[in-house]
Structures are given as C-alpha cells and as structure tokens.
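A.B. asks: Attaching a single structure in structure tokens format; questions to follow.
Read-outs: derived from the displayed coordinates by stated rules, not from any lab. It should be emphasised that the depicted structure is a prediction, and the values quoted were computed from it without experimental measurement. Every residue, glycine among them, receives a Cβ derived from its backbone with ideal geometry; neighbour counts consider all protein chains shown.
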Amino acid sequence: MANNLKCPKCGITELTSNVFEDVRVDSCSKCNGVWLHKGELNKIAHPHEGDLEYCSIEHIAEDRISEFNCPNCHDVKLKKVNFISYSDIVLEYCAKCEGIWLDRGELDAINSEIDNIHKAPESWAHRIMVFLSKLPF
Ligand SMILES: [Zn+2]
Ligand SMILES: [Zn+2]
C-alpha cells in the first residue's frame, strides 16, 4: 500500500508506517498523532466488547467540522466526534473513508476509558442496553 499520507495537523510531514499492537498504522513523527483506517481503532485499543468506531460515529453532528482535512481524501474536512458518544475524548473522523485521527495521548485516554468501563461492568451493560434500544430495528 502506498504510504505517503501527510499529517492533517502538521501539513507537510509525511506519516510513517509503524507496527503497533500487531497492526500497521500511520503516525506522525512530529506531533505523534495517529491515522487509523476503518477498523483499526478496534484492533489497537484494549480488548473490549462492541464496535468502538460504530459507537463513536453513530451520532455525527453536521456542524462539528474540524479545521483539518482528511489525510486520505484531501479535500474532505474531518468531523469531530466523541469517543463512544458520551466520553470527553474528541476524535476526528472522515465520513468519506471512515478513517479516524487520534492526537497524541488520545489512544491512552481511550484505553483508560475502556479500562474504567471494565471496572464498572454493570454500568457498561446498562450502556449497551441503552445503545441497543436506540438502534432502528
Ligand atoms: Zn503531525
Ligand atoms: Zn477520508
């Protein structure tokens, strides 16, 4: 796979391919941000139930547009989404290619959120129930 994506934040810095948790991801050596293709967040985050990406992007507000472009689609602005909808962690997501940009430290924040959920399994089960009850079928 050609790998000359440019960092959406640093502009001219090219992302470099690194293996992280057995997954090859594109990261920026300057700002330490990480670009994840569709499905990669679920692979590199701590073990979890459910689909982290789907839970994060199910409610995309049209007006939460980032100032940064998708490194993959170039002319498409990223959109801000909250990780698993209710957390304080704001990710940037491309609605076109479904990639996700993580700033430095956001993966750690995501993993501690997952760990917190595991420490409170009842509240997690409750959230899953609330989530399932919102699905349109
Ligand atoms: Zn960068
Ligand atoms: Zn894109």
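A.B. asks: What whole-number volume per residue, in cubic angstrom, does the convex hull of the C-alpha atoms of the chain give?
C.D. replies: So the per-residue Cα hull volume is 115 Å³.
A.B. asks: How fast does region 14-56 diffuse by Stokes-Einstein, in µm²/s, taking the Kirkwood radius from C-alpha pairs at 37 °C and 0.692 mPa s?
C.D. replies: Calculated translational D: 295 µm²/s.
A.B. asks: Most mobile of GLU106, GLU92, GLU58 per a Gaussian network model of the chain (Cα springs, under 10 Å)?
C.D. replies: GLU58
A.B. asks: Can you give me the angle between helix 121-133 and the longest principal axis of the chain, using Cα atoms only, in degrees from 0 to 90, rounded to the nearest 10?
C.D. replies: In the chain, helix 121-133 runs at an angle near 80 degrees to the longest axis.
A.B. asks: For every other residue with a beta carbon closer than 12 angstrom to the beta carbon of GLU62, add +1 if it is Lys or Arg and -1 if Asp or Glu, then tell me the sum.
C.D. replies: Surrounding charge for GLU62 is +3.
A.B. asks: Output the 0 to 90 degree angle, nearest 10, between the alpha-carbon long axis of helix 106-119 and the longest principal axis computed from the alpha carbons of the chain.
C.D. replies: So the helix axis and the longest Cα principal axis differ by about 10 degrees.
A.B. asks: Moving to a separate point now. From the phi of every residue in region 22-33, what ³J(HN,Hα) in whole Hz does the Karplus formula 6.51 cos²θ - 1.76 cosθ + 1.60 yield, where θ is phi - 60° and glycine or proline is x?
C.D. replies: Rounded to whole hertz, the list is 6, 10, 7, 10, 9, 10, 9, 6, 8, 9, 6, x.
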